[in-house]
């Protein structure tokens, strides 16, 4: 139904650069997870995508067209913090959505609220943090939108409702909606997302399909007889995202061709060479943590 | 019989590979009989709380491997013609992956090809003798 | 698209309705406790000290009017009180001309019309308790409510910026359309407040007599002024708060004393010294953008007995509308630039 493409997005607040040339393409029907440490620029990215914040430069295109008022008929957004009106009841929020969006389904909204055990007659101020999140999720899902932009859609929810929100996203995805969401719970991203991007300090640190990243990114670990070994250029190989050596042990983070590096290390005299699978959390942490040393240092004396 | 699949999204093994492996194993041990219908992509995605496109990818691979067949509008079924072949192929796939991992591990801790082969023969002798 | 603003208007009007309701209730209690004085002329006459020899006769006219006639031969005075019930009383007092009645005289106090004429050697005074009320009196009181509502509603954009932009700005309408519709909702609320107050006043009045109005003279224009002034006031506050995310409550609260002080300081004499003139000029200049400085309470009566406003009433009215348009535009321009 819809594609979203972000190109060269840049946003500064005074001298602070929140987003620095971010480019991401989200294919049609994809569930796209946005990961990053606190303050990495996830929320700012969403705000720039929606015109809530004005980007300094760059473009955001929906189906190849820039954002215009009518695009909001097709985008449902769940912000990171509660933006419900404290003095309004949940039912009044439902009515607000019904009047604003032609495709909004009151029946679906009430179903969803019931699933979260939210009393529509309660005022928003009487809801707990998690229930506010759930209310905003319900208001967004009932939009039956082509695109969903969800900023931490499970924050404050108990594990049961977290799982419920994930299933709602999966259901929306199965319906054909394109979804971009952020979460600090990597386990959720691992389940629901087909593709991910990791942003760090406003930069894109990593992007790809979750299954591809898992299939390609491996740690190849080997032990050398003594500490004075050289890696013969392996650490400078473009497929090595990072190499760490501590004493006799070398650990290579490969982005492709792990078995080949097993053979290389063995040929150089390493023993106990093994391939370690990485889950998304490992992959994320490697993407955002600085490596201790440059490739040249890692290469060792002989290189 | 309902298919009981479980995946561990936190493992380093891609989820679609886990789905493929489990379907093949179910076919190999007969939990999934020939002609039996698999859950729809959406249903399996919701049951396991995993991405629907990931399930779809696993089903496509299973179809390419000849384990299932999909007819538009009706769903995916375990392939009915040549059940024996399908079952055997599925079993071979599962076993191949397992053996591959073991051999790699054995090699990494310094065993040579001959050592591993003799270990494999010993294991075969033991398991098949007990079976008789 | 502006449902939230409608709810704000509704809630504010609900408060006004409670206040007006309480007011009506108080008037109702008064009406009941004064009942006998209003419907019974006997109770009324009992309190009049009659001259010796005076006679009181009562009759009922064919149209149902209760007529009480008091004749006092000693001072040659006749008082005829026609009680038309809910249509009020018509009182005619005929007495000999004296020094006190040298000039013919007319006065209107609310619905009471007082008229003195000389007929031959007699002075005839008629008092109608149910005359037409100049509508501007209603409008002036209604404007108290209108200004109150205008002040309460006047920070619609700041209220959205205070944590709700993610909803306000992701609706399928342009920011300008949204802003205009929000302002429209608030203006409707201000007019509704005026109407509600006028209706409440009429209800209170109707407990005593059948209301009738005078729309002549300045009264029609006064209605326009009664709309334009609170609109301009609303615009001023909306424009002052449109870029704020918090602290707008303080602006709404301090706007009143500040705006009134500006008008007062612009009017009072500061002396002829250089400093005095400077202070006057500064406040006079500031007061030009203050909607309150164009409101005038000066009314006069023309030869036809109709009320007239100050001579520059029309320009004042035009300026109020212009201020409203300028301030609203400034508010919308700021809203276009707001970021979440």
Got a sec? Which of A:21, A:41, A:29, A:14 is under 25 Å from residue A:283 (Cβ atoms) and either without any contact (Cβ under 8 Å) to a residue 24 or more places away in the chain or buried (at least 22 other Cβ atoms within 10 Å of the Cβ) (or both)?
A:41
Would you confirm whether or not the stretch C:218-241 contains a residue that is more than 16 Å from the chain's Cα centre (by Cα) and not in a helix (DSSP H, G or I)?
no
Looking only at the stretch A:269-283, count every residue that is over 20 Å from the mean Cα position of the chain (by Cα), more than 7 Å from chain B (Cβ to nearest Cβ) and buried (at least 21 other Cβ atoms within 10 Å of the Cβ) and tell me the total.
1
In the stretch C:55-97, how many are under 21 Å from residue C:35 (Cα atoms) and part of a helix (DSSP H, G or I)?
3
Out of A:64, A:14, sole residue that is away from chain C (no Cβ under 14 Å), more than 20 Å from the chain's Cα centre (by Cα), modelled with pLDDT under 95 and on the phi > 0 side of the Ramachandran plot:
A:64
Could you tell me how many of the residues in the stretch B:40-60 are within 21 Å of residue B:91 (Cα to Cα) and either buried (at least 17 other Cβ atoms within 10 Å of the Cβ) or at the interface with another protein chain (Cβ under 9 Å from one of its Cβ atoms) (or both)?
4
Single unsatisfied condition, residue C:145 versus (1) away from every other protein chain (no Cβ under 14 Å); (2) surrounded by fewer than 22 Cβ atoms within 10 Å (Cβ to Cβ):
(2)
Of the residues in the stretch C:108-148, those that are touching a helix residue (DSSP H, G or I) at 6+ places or on another chain (Cβ under 6 Å) and part of a strand (DSSP E or B) number 2
Hits in the stretch B:61-81 - residues which are outside any strand (DSSP E or B) and under 14 Å from the mean Cα position of the chain (by Cα):
B:61, B:62, B:63, B:64, B:65, B:66, B:67
Kindly state which helices (runs of 4 or more DSSP H) lie completely within the stretch A:129-195 and contain at least 2 residues that are within 14 Å of chain B (Cβ to nearest Cβ).
A:159-175, A:186-192
Among the listed residues A:25, A:55, A:40, identify the single one that is more than 14 Å from chain C (Cβ to nearest Cβ), touching a helix residue (DSSP H, G or I) at 6+ places or on another chain (Cβ under 9 Å) and over 16 Å from residue A:148 (Cβ atoms).
A:40
Residue B:45 vs. criteria more than 23 Å from residue A:195 (Cβ to Cβ) and assigned to a helix (DSSP H, G or I)
no
Does residue B:31 qualify as being assigned to a loop (DSSP other than H, G, I, E, B) and within 9 Å of chain A (Cβ to nearest Cβ)?
no
Inside the stretch C:149-175, the number of residues satisfying the requirement of being within 13 Å of chain A (Cβ to nearest Cβ), touching a helix residue (DSSP H, G or I) at 6+ places or on another chain (Cβ under 6 Å), surrounded by fewer than 24 Cβ atoms within 10 Å (Cβ to Cβ) and under 21 Å from residue C:240 (Cβ atoms) is 1
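The values are calculated or read from the model by the stated rules, or taken from the named source; none is laboratory data. From a predicted model like this one, the values you see are computed outputs, not experimental measurements. Note: ideal-geometry Cβ built from the backbone for every residue, glycine included; neighbour counts use all protein chains shown.
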